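**Student:** Once you've had a glance at the structure underneath, I'll fire off some questions.
The values are calculated or read from the model by the stated rules, or taken from the named source; none is laboratory data. Small disclaimer: the values here were computed from a predicted structure and weren't measured. Please note: Cβ atoms are built from the backbone with ideal geometry, for glycine as well, and neighbour counts cover all protein chains shown. Calculation scope for accessible area: heavy atoms of the full protein, side chains included, ligands and nucleic acids excluded. Shrake-Rupley method; radii C 1.70, N 1.55, O 1.52, S 1.80 Å.
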Amino acid sequence: VKAVKVVVYGGNGFVGSTIMKRLVERGVRAVSVSRSGQVPSQLTNEQWTQKAEWKEGDAFSPNFLEDAAAVIVSVGSPPIPFVEYRKQLRANGETNESILRAAKEAKVSRAVLINATMPPGYLEGIATMPGWIPRGYRDGKLLAEQAAFDFVRDRDDPCAAAVLKPSAIYGTRYENGFPIPLTPILAPLSWVLSTGKPLASRASNLFPYLFEGALVPPVPVTAVACAAVSAALDGDLQSPDITLRNGEVTTVGPFELLSSDYAGK
């Protein structure tokens, strides 16, 4: 029996490698596509990586999508201030758009986009976005989300898409081989903001310029990864309220990710 194939663009990154591990645990054919095509250095001794495929590829010339049941897109750059607008738009929007367009052409039936929750940037032409969210980052994320809607538009074959929109994602990141543990800082903050959701919502409504999009709880990387895999393979996120429907795009925010069964995994 031919194994189900799922392609993960950005599969050797912080979120992408966690997704790859979950896919291998589900027994599917997991294919990572990245610029290096290499297993992350911190994972080279983990046995599960030998059961996955690690391919070198370019988001602007997408390949490896033939016969794929689903594509998961985990590509982007952080919202670092003072980075050139075009670079952030390209990294967070145009790359995702290119992959999802190719997946549509290849008739991949399901797409999962790892995007982001953000405060509003413009309201009827009036700038309302706090200065700490670079415009190129925001515009890129909006472009990526639009690409998810384009993925399901005007198709006569079964298809669906999910857009996961966490806020900050925590776990242990690696930069040049050095671990950066984010859990000790962001996990307590996530608990505080989750339990204080009514107060945070009120503050956001009163002072949207300062707080909207900021008082959102961080999400563990395992929750994002498990939700992405479930959306790709099962069509739901273990919740009756979050189910992918044919020809539609389902958006999942940070509170939904935290309230799912995945948050504790």
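**Student:** Can you give the local net charge around residue 182? Use residues other than it whose beta-carbon is closer than 12 angstrom to its beta-carbon, Lys and Arg +1, Asp and Glu -1.
**Tutor:** Residues near residue 182 contribute 0 overall.
**Student:** If the limit is 22 Å between Cα atoms, which of 21/55; 21/104; 5/107; 87/141; 55/87; 21/87 go over it?
**Tutor:** With Cα atoms farther than 22 Å apart: 21/104; 55/87; 21/87.
**Student:** Over segment 37-97, with the other protein chains present, what is the accessible area per residue in square angstrom, probe 1.4 angstrom?
**Tutor:** Here the residues of segment 37-97 average 59 Å² of exposed surface.
**Student:** OK, next. Explain nothing, just compute: Karplus ³J(HN,Hα) = 6.51 cos²θ - 1.76 cosθ + 1.60, θ = phi - 60°, for every residue of segment 41-56 in order, whole Hz, x for Gly and Pro.
**Tutor:** Result, ordered by residue: 4, 6, 10, 4, 8, 8, 5, 4, 5, 6, 8, 9, 10, 10, 10, 8 Hz.
**Student:** If I ignore ligands, DNA and RNA and count only protein heavy atoms, how much of residue 133 is accessible to a 1.4 Å probe, in Å² to the nearest 10?
**Tutor:** It works out to around 20 Å².
**Student:** A follow-up question, please. Go through 156, 58, 150, 139 and list them by solvent-accessible area, largest first, probe radius 1.4 Å.
**Tutor:** The ordering from most to least exposed comes out as 156, 58, 150, 139.
**Student:** Using a 1.4 Å probe, how large is the accessible area of residue 61, given in Å² and rounded to the nearest 10?
**Tutor:** Roughly 70 Å² of residue 61 is accessible to a 1.4 Å probe.
**Student:** Sorted by accessible area with a 1.4 angstrom probe, largest first, how do 153, 138 fall?
**Tutor:** Largest accessible area first, the residues go 153, 138.
**Student:** So, one more: Given a 1.4 angstrom probe, I'd like the percentage of the accessible area of segment 1-90 that is carbon and sulfur, rounded to a whole number.
**Tutor:** 48 percent
**Student:** Of the peptides 219-229, 170-180, 88-98, how do they stack up when ordered by the mean number of other Cβ atoms within 10 Å, highest first?
**Tutor:** 219-229, 88-98, 170-180
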